[in-house]
Amino acid sequence: MRLRRSLQILLAVNFLSCLALAQQVIKIDLRDATGAAIPNAHAKIACSGYSRDLNLLESDPTVRIPGNASDCQLAIHAEGFRSKLLQIQPRTSALEVVLVPGVVQQSVTVTASRSPLAPADLPITETTFTGRELVSNPSVTVDDKLRQLPSFSLFRRSGSQTANPTTQGVSLRGLGASGASRSLVLEDGIPINDPFGSWIYWGRVPVQGIEQVDIVEGGTSDLYGSSALGGVINVRTRAPQQTALFAESSFGSSATPLGSAGLSLAQGPWNAFISGEAFKTNGYIPVAPDERGTVDTPAASRHQNGSILIGRSLQQLGSIFLRGSLFGESRENGTPLQINSTTIRQLSTGADLNTAAGVFTLRAYGGTQALHQTFSAVSSDRNSEFLTTDQRVPVHQYGFSAQWSKVFRGKHVVTSGIDGRDITGDTNELQFVSGAPNAYYIAGGRQQSYGFYLADSYQLTSRWMLSASVRADLWRNIDASSRRIPFRAATTVTPFENRSEWAFSPRVGLTRRVSSRASLHASVYRSFRAPTLNELYRPFRVGNVLTQANANLGAEHFTGGEVGSVVSVPGDVILRGTFFAGVLDGLVGNITLNTTPTLITRQRQNLGTVRVRGFELQGERRLSSKFSLAAAYQFTSSIVTDFESDPSLIGLRVPQVPRHSFSFTAGYDNPRIVAVSLQGRAVGREFDNDRNTLPLDRYFTLGAQVSRDIVEGVALFAAAENLLNSRYAIGRTPVTTIAAPAQVRVGLRIRISRAK
């Protein structure tokens with residue numbers, strides 16, 4: 001009897017212990033009334049005998065409640081929104097939380113809109129890719145993940161895994177892609193556009209170091225100056241608010257290993273974030289099979305990056321940080337003689353301060369980089385090639401920005417700032433004739449730019465918000481020249497005249513909150529982009545296409561506007577629509593000068609006028625706590641309407657701009673079973689040249705990813721890109737190059753965190 005009673009007591013104690021150890025795991029999906037993610041939100045779970053602060057900045061935020069806890073409440077706070085208090089039910093596994101705007105407040109936030117206000121209160125179109133969305137996308141690189149936004153495009157259709165970095169200029173809303181970006185890309189508010197050519201090295205930021213990506217479409221030169229002609233993309237890295245480890249390791253097709261990790265550390269007022277990544281792919285042969293010859297080899301690449309951030313909290317005053325980063329990559333560009341490599345070193349520092357005088361955001365950065373690249377001429381049968389240029393481009397840059405904002409009388413949010421950048425770069429070339437060294441060519445100079453801006457957002461009523469901003473920029477090109485030093489002739493020196501130019505970039509917008517579920521916005525603006533040192537002084541060659549520099553290029557100017565709306569429909573449906581239109585003057589294009597069977601010669605020139613019109617539609621539907629569906633479509637018409645030096649281009653479409661782009665994402669997420677995501681993208685017909693004689697046909701790609709938690713914080717996943725193995729054309733130079741075949745990879749992801 002005693003033995004039986006002892007066993008019963010033991011079993012009861014064991015059962016109660018299991019209850020105490022069991023956890024209730026709740027996933028949190030936090031958004032505003034328009035469906036956009038909310039940055040810098042904080043939460044606290046409070047139960048009887050248990051409480052804990054939560055980090056909602058994680059890519060997959062969860063609440064974990066001990067099995068013996070009861071009477072639990074979740075409190076969520078975010079700057080600019082009304083706080084929310086929720087009662088947690090015992091069997092809840094997912095929570096969808098929508099915060100509505102509150103009164104205007106002070107905050108220290110580095111956002112793409114450079115405003116403490118929520119995006120829904122600003123006359124802009126902003127799209128956020130959260131950490132969860134980036135992780136669920138099967139693509140390896142950041143640029144391929146961002147292609148799910150139809151307005152996002154790069155020069156040509158190739159991605160950064162295998163394409164030359166000088167083709168990685170980003171464009172939004174059909175302004176015409178080129179090697180130079182017509183949109184500004186930032187990392188925590190610091191520009192990462194290449195200082196010499198404005199293309200993007202997408203591998204610079206470790207994937208596991210990214211918290212989210214914010215994209216503002218439309219001219220934003222009123223706040224950011226040059227390069228923000230068509231919009232701004234801000235890559236926000238993880239904030240080291242707690243001790244945590246984020247890691248991913250995978251291996252896939254074309255011998256493609258990837259290792260990416262981030263370690264967040266927090267101790268008292270000090271914090272640090274250490275991240276790094278290594279990637280390699282053997283690539284594929286990009287030339288179409290029926291045009292290949294013996295010189296065609298795979299386009300392959302590898303890169304490594306590392307970053308260390310050390311920060312210190314100043315408590316209520318704000319925080320300061322110091323960050324150092326290093327990036328290196330090397331590429332094989334499809335033939336034995338065409339290679340390139342880049343090394344970038346950068347140091348940055350900053351402070352975010354909240355004082356009685358207002359909110360201050362300060363940044364300073366500087367660094368060096370070196371690009372090495374070779375170009376070749378390939379015979380018409382593609383069975384032989386010889387070097388034409390061996391090019392080295394050293395660059396130094398320094399920059400700073402300072403911003404102040406303050407709320408007046410609870411209705412005005414005034415923001416003002418200054419920034420500047422100093423870039424020195426040269427192209428040093430060894431030129432070849434028939435494969436033999438013939439001459440040295442050195443060209444380059446120095447570019448300085450400075451800007452000042454002032455913005456005010458005024459709460460007219462509880463539903464109306466008026467926004468106005470203006471910016472003045474001055475940039476100078478100085479100390480520029482070119483020298484050609486033939487081996488058997490006299491040196492030719494050509495000095496270029498110092499040039500300077502002003503630009504004024506105003507913007508006026510109006511926002512109306514029709515209800516807690518709907519808002520309207522309208523704005524008009526003017527933006528610009530100054531030509532880069534690369535466009536002014538560096539010639540380049542792709543295949544049998546030679547593009548010459550032009551030291552007389554002027555700035556591009558865009559005058560446009562947009563009208564948009566966001567509606568949240570009962571039943572977890574979010575709809576967005578925007579109509580945009582504008583005129584782009586002075587578009588820098590590659591204009592064909594001469595064509596022979598073996599060489600196409602082009603030169604960068606300012607086109608007369610390009611008319612841009614279009615609209616975009618986005619929709620999201622959460623079918624249940626586990627199923628979600630999203631789709632987006634953009635129509636764009638970009639037509640040359642004036643070009644005095646060559647009227648034959650009038651009426652033709654701008655190269656690299658498709659009229660139709662569509663994407664969709666479908667997801668199923670059950671933490672106890674499996675997570676599945678499916679992404680599709682369709683792009684319409686476009687042209688690869690200014691005369692619209694080299695068409696690129698429409699295409700459709702499909703990607704998928706399946707993942708499952710094997711233990712807490714560790715997930716096994718399998719992902720596939722171009723699942724249907726669509727071999728569509730990505731370029732014609734005039735040789736047809738095609739997209740990569742289907743790519744499959746498997747790997748592990750680790751997410752381990754410990755609250756401070």
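The values are calculated or read from the model by the stated rules, or taken from the named source; none is laboratory data. Treat the numbers as computed from the prediction; the structure is a model and nothing was measured. Cβ atoms come from the backbone with ideal geometry, glycine included; neighbour counts cover every protein chain shown. In case anyone asks, the SASA skips ligands and DNA or RNA and just uses the protein heavy atoms, side chains included. Shrake-Rupley method; radii C 1.70, N 1.55, O 1.52, S 1.80 Å.
Odds and ends about this structure:
- Note on the chain: antiparallel DSSP beta bridges, both residues inside, total approximately 95 percent of the bridges counted.
- Set of lysines with alpha-carbon distance to residue 145 below 21 Å, sequence-local pairs under 8 removed: 280
- Heavy atoms of residue 567 accessible to a 1.4 Å probe, total area in Å² rounded to 10: 50
- Looking at the stretch 493-563, the accessible area is 41 square angstrom per residue; that uses a 1.4 Å probe and ignores ligands, DNA and RNA.
- Sequence-ordered 3J(HN,Hα) estimates for the stretch 495-500 from the Karplus curve with 6.51, -1.76 and 1.60 and θ = phi - 60° stand at x, 9, 5, 4, 10, 9 Hz, glycine and proline given as x.
- Long-range amide H partners of residue 335 with built H, under 5 Å: 297
- Surface accessible to a 1.4 Å probe, per residue, for the residues of the stretch 352-476, Å²: 43
- Between the residues 405, 434, 417, the greatest Cα displacement towards the positive end of the dipole of the stretch 390-459, with unit charges on the Cβ of Lys, Arg, Asp and Glu, is found for 405.
- Carbon plus sulfur fraction of accessible area for the stretch 280-356, probe 1.4 Å, in percent: 58
- Probe 1.4 Å, all protein chains present, accessible-area order of 563, 676, 140, largest first: 563, 676, 140
- 13 Å beta-carbon shell around residue 200, net charge (K/R +1, D/E -1): -3
- Maximal additional length on extending the residue 442-residue 278 stretch stands at 55.7 nm, based on 0.36 nm per residue less the C-alpha distance.
- Distance histogram for the stretch 598-650 (every C-alpha pair counted, 10 angstrom bins, percent rounded to whole numbers): 18, 25, 20, 17, 12, 7
- Ordered from highest to lowest accessible area with the whole protein assembly present and a 1.4 Å probe, 450, 525 read as 450, 525.
- FRET efficiency for the pair residue 249 and residue 288, taken as 1/(1 + (r/R0)^6) with r the Cβ-Cβ distance and R0 = 25 Å, rounds to 0.15.
- The alpha-carbon of residue 84 sits under 22 angstrom from the alpha-carbons of these lysines, leaving out residues fewer than 8 places away in its chain: 27, 44.
- The stretch 199-210 - phi-based ³J(HN,Hα) in whole Hz, Karplus 6.51/-1.76/1.60, Gly and Pro as x: 6, 10, 8, 5, x, 5, 9, x, 4, 6, x, 8
- The helix-only estimate of mean residue ellipticity at 222 nm for the chain, built from DSSP H runs of length n ≥ 4 each weighted as -39500 (n - 2.57), is -1500 deg cm²/dmol after division by the residue total.
- Residues whose amide H lies under 5 Å from that of residue 157, counting only those 5 or more places away or on a different chain, are absent; hydrogens are built 1.01 Å from N in the peptide plane.
- Whole-number D in µm² s⁻¹ for the stretch 228-286, Kirkwood Cα-pair radius fed into Stokes-Einstein, 10 °C, 1.306 mPa s: 111
- Under a 5 Å amide H cut-off, with hydrogens placed 1.01 Å from N, residue 652 pairs with 640 among residues at least 5 apart or on other chains.
- Each distinct pair of alpha carbons in the stretch 667-756 adds a 1/r term; the inverse of their mean, the Kirkwood radius, is 15.8 Å.
- Note: the stretch 447-528, Cα convex hull, 125 Å³ per residue.
- Shown is the FRET efficiency for residue 611 and residue 308, computed with R0 = 35 Å from the Cβ-Cβ distance and rounded to the nearest 0.05: 0.15.
- When the convex hull of its Cα atoms is viewed from all sides, the stretch 593-736 shows a mean projected area of 12.1 nm².
- Probe 1.4 Å - accessible area at residue 426, Å² to nearest ten: 50
- The distance separating the Cα centre of the stretch 641-681 from that of the stretch 278-345 comes to 24 Å.
- Between 624, 656, 678, the Cα set farthest toward the positive side of the dipole of the stretch 620-701 (charges on each charged residue's Cβ, about the Cα centre) is that of 624.
- Beta-bridge orientation, the stretch 545-679: approximately 95 percent antiparallel, per DSSP, counting only bridges with both partners inside.
- At full extension, residue 87 and residue 548 could sit 159.4 nm farther apart than now, given 0.36 nm per residue minus the alpha carbon distance.
- Here, the stretch 571-620 yields an orientationally averaged convex hull projection of 6.0 nm² when only Cα atoms define the hull.
- In this simple spin-label model, placing a label point 7 Å from the Cα along the Cα-to-Cβ direction at both residue 727 and residue 478 gives a separation of 5.5 nm.
- In Å², nearest 10: area of residue 750 left accessible to a 1.4 Å probe: 50
- Structure-derived Rg/Rh (Cα atoms, Kirkwood Rh): which label, when the choices are (1) 0.99; (2) 1.03; (3) 1.06: (1)
- Carbon and sulfur %, accessible surface of the stretch 519-567 computed with the full protein complex present, 1.4 Å: 64
- Length gained on full extension, residue 670 to residue 75, computed as 0.36 nm times the residue gap minus the Cα-Cα distance: 211.8 nm.
- Using θ = phi - 60° and Karplus 6.51 cos²θ - 1.76 cosθ + 1.60, couplings along the stretch 263-280 (whole Hz; Gly, Pro as x): 10, 9, 10, 9, 8, x, x, 9, 8, 8, 9, 10, 9, x, 8, 9, 9, 8
- Placing a pseudo-label 7 Å from each Cα along the Cα-to-Cβ vector at residue 718 and residue 500 gives an inter-label distance of 6.4 nm.
- On a per residue basis, the stretch 89-243 carries 20 Å² of accessible surface, using protein heavy atoms and a 1.4 Å probe.
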